[in-house]
Amino acid sequence: MIPLLAAVGAITIAVLLWRALGAQRISVPQRRPAVAPDDDPEFLRKLSEEQRNRRPDDTDS
């Protein structure tokens, strides 16, 4: 029983040391956080262009 506990303890210590000192971190690419449409400059620019290009339907001239 004691050799089994010693083996489990040694494996646990080895894994902890490996994770702390030797494990290379896998970097996940950073994604741009989701932006609400009213905060997105690209969306607001497109919206402005659409409004400028839209012809007024109610012309009383």
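Residues checked against (1) modelled with pLDDT under 90; (2) open to solvent by 100 Å² or more (accessible area, probe 1.4 Å):
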{"position": "ALA6", "(1), (2)": "no, no"}
{"position": "ALA20", "(1), (2)": "yes, no"}
{"position": "ARG25", "(1), (2)": "yes, yes"}
{"position": "GLN51", "(1), (2)": "yes, yes"}
Quick one: is LEU16 at pLDDT 70 or above, of a type in the set (A, V, I, L, M), open to solvent by 100 Å² or more (accessible area, probe 1.4 Å) and in a helix (DSSP H, G or I)?
yes
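The values are calculated or read from the model by the stated rules, or taken from the named source; none is laboratory data. Quick caveat, the model's predicted, so the values are computed rather than measured. SASA here: full protein model, heavy atoms, side chains in, ligands and nucleic acids out. Shrake-Rupley method; radii C 1.70, N 1.55, O 1.52, S 1.80 Å.
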